[in-house]
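Each value in this text was obtained by applying a stated rule to the coordinates, not by laboratory testing. Keep in mind the model is a prediction, meaning the values are calculated, not measured. Methodologically, a virtual Cβ is constructed for each residue, glycine included, from the backbone with ideal geometry; neighbour enumeration extends over all protein chains shown.
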Amino acid sequence: MSEERESGRSGRERPSTAADRRGRRAASTPADGGKGRATPVREARPSKGSLPSRVVRFLREVVAELRKVIWPTRKELVTYTAVVLVFVSFMVALVALLDYVFGQAVLFLFGT
């Protein structure tokens, strides 16, 4: 009864698999350029130029990328540094405390 209700609502059959429900089609056939076709051979890469020209190009691209960076203000830098130092201090204290607790537990269990 529930199958009739579900298929009767939209006039279509209910998809049988999750892939069908997501709207994926069946695997492509070799006739339409899908699986079963050999991978095309790539052509050889063109020459990139001499070493000095590549180094100059690399440095130009580095400078261009550095211009895109949003550098923090002095106030933001001080704030971020303080947050990192507090967090690292907390973690060092936590590890030291756990080391002490486990050390005491080992001494209690095995004695000296």
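List of remarks:
- For the stretch 71-112, alpha-carbon Rg relative to the globular expectation (2.2 N^0.38 Å, N residues): 1.96
- Peptides 70-78, 37-45 ranked from most to least packed by the mean count of surrounding Cβ atoms within 10 Å: 70-78, 37-45.
- Separation in nanometres of the label points that stand 7 Å from Cα toward Cβ, at THR39 and VAL56: 3.7
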